[in-house]
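Participant: This is the structure I want to talk about, given as structure tokens.
The values are calculated or read from the model by the stated rules, or taken from the named source; none is laboratory data. Everything numeric in this text was worked out from a predicted model, so none of it was measured. Quick reminder, even Gly has a Cβ in these numbers, built from the backbone with ideal geometry, and neighbours come from all protein chains shown.
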Amino acid sequence: MYYIDPHIHMVSRVTDDYETLAKMGCVAVSEPAFWAGFDRGSVDGFRDYFRQLTEFEPKRAGWYRVQHYTWLCINAKEAENVSLSREVIAMIPEFLDRPGVLGIGEIGLNKNTRNEAIIFLEHLDLAAKTNEQILIHTPHLEDKHQGTRMILDMLCDDARLERGRVLVDHVEEHTIRPVLEAGFWAGMTLYPTTKCNPHRAVDMIEMYGPERLLVNSAGDWGPSKPTAVPDFIMAMRLRGHPESLIRKVVYENPVEFFSQSRGFHFTPPELAEPEEIGGRQ
Amino acid sequence: MSSAATAPAVLDREFLDIRARVLELAAALDRLDRADGSVGGDARMAAIAQAIDIVRDSKADRAERVQLIFSRPYEKGWRQKLGVVPR
Ligand SMILES: [Zn+2]
């Protein structure tokens, strides 16, 4: 089955992972900007990272006929540095019209602090003014419920935002309901120990239905599994769900959500000439 | 939408898994007991006990309620507290 991984940090993965993803049916990935494991020292560090996301990663993905899309921001961890964050936010528009850029992300909260909230609001303002879609990171573990509710408060305060163009990621059992009820898209991240696993993700599909729900691996430089979406596909099959439902969640839903971005020029694998897929370089 | 399988079929499929997880939990608590010192006053132990109570009750949404046990509380007035002004 063809699928799309809507949240994966391929800059942290080796080229062999692209090959494995392609062999498992992955036809496109979307890569939000995130924390590199250390705090970058200057706005130029982010400019270089955004070049990597918009220039080299699409090329590397294309070697295996995987289409690469991306989101730009300064992540919640580095948002503690407010002055650097403001420099990065001012620089982002240089990249917004590049091919494959889907919007602003992954912005959000980490420890639910004042500075994180201030920079989150400034990112929302940039997205509203530039009419970009938004991809949101919610905190981990004991901070997730509080942080997700704070994020929803800030999103719902801003009447300029179209809720159907905002994805709130890393939802779990205690945060999925308010996200969907408020009209946003929700992403379930299959990540060892700190997030969700394939069977709990299937549980949430059974409880809430497939509308506005996405499944991703959030594969990155930590202990993570870039092939987690195929694990979810297998769990759905073993639990007796039809192929049409699985395809909706792992392929049709991401295409529907991303199609609202002007940077999404997706070629369905059935229609593409070999040189066309991944040819956007 | 609900599960695609009947309850007996789910139990057949999951029984060994559930058994293994309960055993793992029991062994981890034994390990804590055998270790030197005490964690009786540690808030995390109280949270674990509360979570086990939820697992054992017969009400719905156990996973959601267990998640909330391990969560910091959300306060509606957080903006005033942090001094964050909505746009
Ligand atoms: Zn991420």
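Participant: Just to be sure, is A:V171 free of Cβ contacts under 8 Å to residues at least 40 places away in the same chain, over 18 Å from A:L190 (Cβ atoms) and under 15 Å from the mean Cα position of the chain (by Cα)? Can you show your working first?
Facilitator: Working: free of Cβ contacts under 8 Å to residues at least 40 places away in the same chain: yes; over 18 Å from A:L190 (Cβ atoms): no; under 15 Å from the mean Cα position of the chain (by Cα): yes.
Against the criterion (free of Cβ contacts under 8 Å to residues at least 40 places away in the same chain, over 18 Å from A:L190 (Cβ atoms) and under 15 Å from the mean Cα position of the chain (by Cα)), A:V171 does not qualify.
Participant: Please tell me if A:V229 is assigned to a helix (DSSP H, G or I), under 23 Å from A:V166 (Cβ atoms), modelled with pLDDT of 95 or more and within 16 Å of the ligand (Cβ to nearest atom). Reasoning before the result, please.
Facilitator: On the way: assigned to a helix (DSSP H, G or I): yes; under 23 Å from A:V166 (Cβ atoms): yes; modelled with pLDDT of 95 or more: yes; within 16 Å of the ligand (Cβ to nearest atom): yes.
So A:V229 passes the test.
Participant: Please work out if A:R40 is surrounded by fewer than 24 Cβ atoms within 10 Å (Cβ to Cβ) and not in a loop (DSSP other than H, G, I, E, B).
Facilitator: When the stated conditions are applied, A:R40 does not pass them.
Participant: Here's another thing I want to ask about it. Sort out which residues of segment A:128-151 are within 12 Å of chain B (Cβ to nearest Cβ) and farther than 20 Å from B:F70 by Cα, and write them in order of number.
Facilitator: A:A128, A:K129
Participant: Then there's this: Pick out the one residue from A:E243, A:E252 that is over 19 Å from the mean Cα position of the chain (by Cα) and either acidic (D, E) or more than 10 Å from every other protein chain (Cβ to nearest Cβ) (or both).
Facilitator: On the way: A:E252 fails: over 19 Å from the mean Cα position of the chain (by Cα).
Answer to the selection: A:E243.
Participant: If you don't mind, there's one more thing I want to ask. Taking A:G187 and the conditions (1) within 11 Å of another protein chain (Cβ to nearest Cβ); (2) touching a residue at least 40 places away in the same chain (Cβ under 8 Å), which numbered condition does it fall short on, given that it satisfies the others?
Facilitator: For A:G187, the failing item is (1).
Results for (1) within 16 Å of the ligand (Cβ to nearest atom); (2) farther than 25 Å from A:A186 by Cα; (3) assigned to a helix (DSSP H, G or I); (4) β-branched (V, I, T), shown as yes or no for each residue.
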| site | (1), (2), (3), (4) |
| --- | --- |
| A:V11 | yes, no, yes, yes |
| A:D17 | yes, yes, yes, no |
| A:A28 | no, no, no, no |
| A:G45 | no, yes, yes, no |
| A:D48 | no, yes, yes, no |
